[in-house]
Amino acid sequence: MEDFKTIVPVEDFNWESFEKGETYSEKSKEELIKTYDDTLTTMGDKEVVIGVVTALNKREVVVNIGFKSDGVVPMSEFRYNNDLKIGDEVEVFIENQEDKKGQLLLSHKKARAARSWERVNEALEKDEIIKGFVKCRTKGGMIVDIFGIEAFLPGSQIDVKPIRDYDIFVGKTMEFKIVKINQDFKNVVVSHKALIEAELELQKKEIISRLEKGQVLEGTVKNITSYGVFIDLGGVDGLVHITDLSWGRVAHPEEIVQLDEKVNVVILDFDDEKRRIALGLKQLTPHPWDSLDTNLKVGDKVKGKVVVMADYGAFIEIAPGVEGLIHVSEMSWTQHLRSAQDFMKVGDEVEAVILTLDREERKMSLGIKQLKPDPWENIEERFPVGSKHLAKVRNFTNFGVFVEIEEGVDGLIHISDLSWTKKIKHPSEFTHIGAEIEVQVLEIDKENRRLSLGRKQLEENPWDVFETLFTVGSIQEGTIIEMLDKGAVISLPYGVEGFATPKHLVKEDGTQAVVDEKLPFKVIEFNKEAKRIILSHSRIFEDEQKEAARGNNEKKARSSSSKKDAETFTPTVEKTTLGDIEELAALKEKMTEETQASAAKAKKTGSKGKSEKSKAKAAPAEKKEEKTEEADKTDKKEDDQEKES
């Protein structure tokens, strides 16, 4: 049998009160209430208190704040802290001590917000590492929840290496440092990179202390730019410049390496102070010039690809890393140098001849015009003096026209050899660039690779005929076509042009001749060799006036001479009276005889006197002619002086 314990009833148990539902006495009830009050924390609404996590699940966290009941906080308010566990102390904000359901309402988010700025400033001052929750991605970075405040995490501050995909960080809790606070706008900037850099700085010092020039290391392609590639050497970065990626031409580094690719590089140089490391990739392979065919020599033909174009020439890659330059002057025999782009472009496959080869300097010059024969080798046979050809106008100068008969064969037509008759001031008056013109070879200068050409020689020299038409003293109709400071250009028949000085352009009424005026001109000089005709309009009426003056002088001279002869040869007749008749009759016979004798003598004497008087009359005329000739000589002298000026 089992032993039964004897139960002794309470002596002072009040059965009457028990029946009424009053299980405690007044004394015990007061003691119980006091004891209960001592175990509870006195608090009010809208306060921030410290609580202890007593339970948690995916949706809620149960927090004991020492109140008569526990409070419940949504788990989403703790998403920044993935390490939350039972027993952790957390800050909570009392929203309501008892809602309609008697539930204690708490908020961890509001508790954090209430003290957020105080905590943020404290963390910045102490350089404290804090935790934050990456809420979402935004332009240029991420939004992070720090103490309930939305802070900005720039993309450049996420990691030490460039981040290409920000989305992988959304929803993660990470450690940060506060780097900047704007109190006015309540903006906070945080950095995760700062935490990594402090650790990497120690690693860099250790790595750089072990670096040596020529050392080969393995690295990872961290970033690619247009000028080179950044390589991560395990905590420290180095740069491979684009020129050190390959011995050949590289348009962009992506042609050689890819992101995150593992590559071996050699250390070319480094700077302890600036922490810069220069790396090389092509240096790990032999230089192509060292393996170039030893039998290759000047004069050999090679094939290659155009890799770079410039105005002065083209670079041809005949092997990876081995290039030669074709200067634009070696692209064609023509002396009209053009841009190299007129002959070839990048990517063209070309054949060329080696002109120079320097293996020590690793330089080579090439030419393509040498693949064709030099047009000047047999120039005398192909373009002999006197031969006629069709040429293309290439350029003008003040003294002539440069033409090209064929590629590499150029010539000059002097301005004086363009036309027999037309006075050409500039070649553009005669032809235009690009025009085809027939020419005749006048002279060959093989040493300077130049031909002297003529255009007018294709026609007969009209000045042989003009010499008989425009004789000195002849009168020609002409039109003034141009007025110059020293005179006027006059258009004559047969397309010939003459020149008259200003004093020879004065008209009879004293006015000056003007452009487009048609007048008669006298030829006062004709120079076949110089192809020059000097004209004068004034000389026409001046000569007429001289002739008229000369004629008047001769007429006056003849009149004076006749009067003197009459006085010499006419007898004196006197008046007679009737008383003299008898005396006259007596003398009649005697007078007749004397008259006959005198007549015979006078005839002889008069012939001699007449001759002398004629000479006397001619003397003034001769002096007049001498004076006129002297005037003509003076005018001619003035004309010569004007022509010389």
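The values are calculated or read from the model by the stated rules, or taken from the named source; none is laboratory data. Fair warning: this is a prediction, and the values are worked out from it, not measured in the lab. When we count neighbours, we look across all protein chains shown, and the Cβ atoms used for this are built from the backbone with ideal geometry, even at glycine. When the accessible area is computed, the model is the full protein with side chains, heavy atoms only, and any ligands, DNA or RNA have been set aside. Shrake-Rupley method; radii C 1.70, N 1.55, O 1.52, S 1.80 Å.
Couple of notes before you dig in:
- Cβ pairs under 9 Å, 6+ apart, first in region 432-455 and at positive phi, second in a strand (DSSP E or B) and open to solvent by less than 40 Å² (accessible area, probe 1.4 Å): G434/V393; R449/V409; R449/D410
- Where strands (runs of 3 or more DSSP E) fall wholly inside region 418-503, the ranges with 2 or more residues that are loosely packed, with under 14 Cβ neighbours inside 10 Å are 436-445, 475-484.
- Those residues of region 396-414 which are under 27 Å from E482 (Cβ atoms) and either assigned to a loop (DSSP other than H, G, I, E, B) or touching a His at 6+ places or on another chain (Cβ under 8 Å) (or both), in sequence order: F396, N398, F399, G400
- Where Q370 falls short, out of the listed (1) of a type outside the set (D, E, K, R); (2) within 35 Å of the chain's Cα centre (by Cα); (3) closer than 27 Å to Y494 by Cβ: (3)
- Residue that is surrounded by the most Cβ atoms within 10 Å (Cβ to Cβ), among those in region 258-273 that are under 28 Å from S209 (Cα atoms) and under 38 Å from the mean Cα position of the chain (by Cα): L268
- Cβ-Cβ under 6 Å pairs, at least 6 apart or on other chains, region 133-152 side over 17 Å from K110 (Cα atoms) and touching a residue at least 24 places away in the same chain (Cβ under 8 Å), far side among the charged types (D, E, K, R) and open to solvent by 10 Å² or more (accessible area, probe 1.4 Å): V134/K172; K135/D145
- Cβ separations smaller than 6 Å between residues 6+ apart or across chains give the following pairs from region 309-322 residues that are among the small types (G, A, S) to residues that are part of a strand (DSSP E or B) and open to solvent by 40 Å² or more (accessible area, probe 1.4 Å): G313/L325; G313/H327.
- The condition of being crowded, with 16+ Cβ neighbours inside 10 Å, at pLDDT below 85, farther than 22 Å from A114 by Cα and charged (D, E, K, R) holds for only one of K204, K193, that being K204.
- Annotation note: of L535, L584, L578, the sole residue that is at pLDDT 90 or above and either within 30 Å of V465 (Cα to Cα) or among the aliphatic types (A, V, I, L, M) (or both) is L535.
- When residues of region 285-309 are limited to those that are of a type in the set (D, E) and not in a helix (DSSP H, G or I), the one nearest to the chain's Cα centre (by Cα): D300
The rows are residues; the columns are (1) of a type in the set (V, I, T); (2) at pLDDT 85 or above.
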{"site": "F402", "(1), (2)": "no, yes"}
{"site": "V409", "(1), (2)": "yes, no"}
{"site": "H414", "(1), (2)": "no, yes"}
{"site": "R450", "(1), (2)": "no, no"}
{"site": "D464", "(1), (2)": "no, no"}
{"site": "L469", "(1), (2)": "no, no"}
{"site": "G487", "(1), (2)": "no, yes"}
{"site": "T501", "(1), (2)": "yes, yes"}
{"site": "L505", "(1), (2)": "no, yes"}
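- For region 257-307, residues that are aromatic (F, W, Y) and within 24 Å of E330 (Cα to Cα) total 1.
- The conditions of being more than 25 Å from E212 (Cβ to Cβ) and in contact (Cβ under 8 Å) with a residue 40 or more places away in the chain are not met by W247.
- When region 69-96 is filtered for residues that are at pLDDT below 80, over 60 Å from the mean Cα position of the chain (by Cα) and buried (at least 19 other Cβ atoms within 10 Å of the Cβ), nothing remains.
- Hits in region 504-527 (condition: within 52 Å of the chain's Cα centre (by Cα) and either under 26 Å from V465 (Cα atoms) or surrounded by 13 or more Cβ atoms within 10 Å (Cβ to Cβ) (or both)): E517
- Segments classed as strands (runs of 3 or more DSSP E), wholly inside region 100-173, with at least 3 members that are open to solvent by 70 Å² or more (accessible area, probe 1.4 Å): 129-138
- Checked against (1) farther than 30 Å from H389 by Cα; (2) in contact (Cβ under 8 Å) with a residue 40 or more places away in the chain, P462 passes all but condition (1).
- Taking region 310-392 and the strands (runs of 3 or more DSSP E) fully enclosed by it, the elements with 2 or more residues that are out of contact with any helix residue (DSSP H, G or I) (no Cβ under 7 Å at 6 or more places or on another chain) and open to solvent by 50 Å² or more (accessible area, probe 1.4 Å) are at 349-358.
- Condition met for F230 (open to solvent by 40 Å² or more (accessible area, probe 1.4 Å), within 30 Å of V144 (Cβ to Cβ) and modelled with pLDDT of 90 or more): yes
- Against the conditions (1) acidic (D, E); (2) over 23 Å from E377 (Cα atoms); (3) open to solvent by 40 Å² or more (accessible area, probe 1.4 Å), E406 satisfies every one except (2).
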